Amino acid sequence: MNKYPIIFIVLLSLGQLVCGFSVSIQGLGGFRTSSAIEYGRISVLAAFGMTAAGDMAVALCLCYYLHIRKTSNLASTSLLNKIIILTIHNGLLSRQVTFFGS
């Protein structure tokens, strides 16, 4: 198993965590200045971007690992193809929701 995609996904998740904490701490402070509001907006947009990238990375990794597990058995290959299509649709849907949410 390749460790680089896993490291990439973990780093994106940690980035989302940091952005979430940043927005929460700024929110508790009350966003008193316009620079604080701008910083909060940038943090939220960065978190949305990392969420979209993470969703796509997970979907791509899952599709790759499902694809390399295909066998000559027609029934299992058909099932894996359906799971791959479902994974692609879910990855695209979550990416679209994230982009339209920001």
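The single condition from (1) surrounded by 13 or more Cβ atoms within 10 Å (Cβ to Cβ); (2) free of Cβ contacts under 8 Å to residues at least 24 places away in the same chain that Ile68 fails is (1). Among residues of the stretch 3-57 being polar (S, T, N, Q) and modelled with pLDDT of 80 or more, the one that is nearest to Leu93 (Cα to Cα) is Thr51. Screening Arg95 on (1) under 27 Å from Asn2 (Cβ atoms); (2) in contact with a Phe, Trp or Tyr (Cβ under 9 Å, 6 or more places away or on another chain); (3) at pLDDT below 80 shows it passes everything except condition (2).
If you go through the stretch 34-53 and keep only what is farther than 16 Å from Phe100 by Cα and touching a helix residue (DSSP H, G or I) at 6+ places or on another chain (Cβ under 9 Å), you end up with Ala36, Ile37, Tyr39, Gly40, Ser43. Scanning the stretch 61-102 for residues being over 24 Å from Thr51 (Cα atoms) and within 13 Å of the chain's Cα centre (by Cα) gives a total of 0. Of the listed requirements (1) over 17 Å from Val10 (Cα atoms); (2) small (Gly, Ala, Ser); (3) assigned to a helix (DSSP H, G or I), Ala57 misses just one: (1). Taken over the stretch 22-32, the criterion of being without any contact (Cβ under 8 Å) to a residue 12 or more places away in the chain and in contact with a helix residue (DSSP H, G or I) (Cβ under 9 Å, 6 or more places away or on another chain) is satisfied by Gly29, Gly30, Phe31. Residues in the stretch 59-79 that are under 21 Å from Pro5 (Cα atoms), touching a helix residue (DSSP H, G or I) at 6+ places or on another chain (Cβ under 7 Å) and not small (Gly, Ala, Ser): Cys61, Leu62, Cys63, Leu66, His67, Arg69, Lys70.
All conditions in (1) under 29 Å from Asn2 (Cα atoms); (2) outside any helix (DSSP H, G or I) hold for Arg32, with the sole exception of (1). Which is among the polar types (S, T, N, Q), in a helix (DSSP H, G or I) and touching a Lys or Arg at 6+ places or on another chain (Cβ under 7 Å), of Thr87, Thr77, Thr51? Answer to the check: Thr77.
The values are calculated or read from the model by the stated rules, or taken from the named source; none is laboratory data. Bear in mind that the values here come from a model prediction, so they are computed numbers and not experimental data. Because the Cβ atoms are built from the backbone with ideal geometry, glycine has one as well, and the counts that use them run over all protein chains shown.
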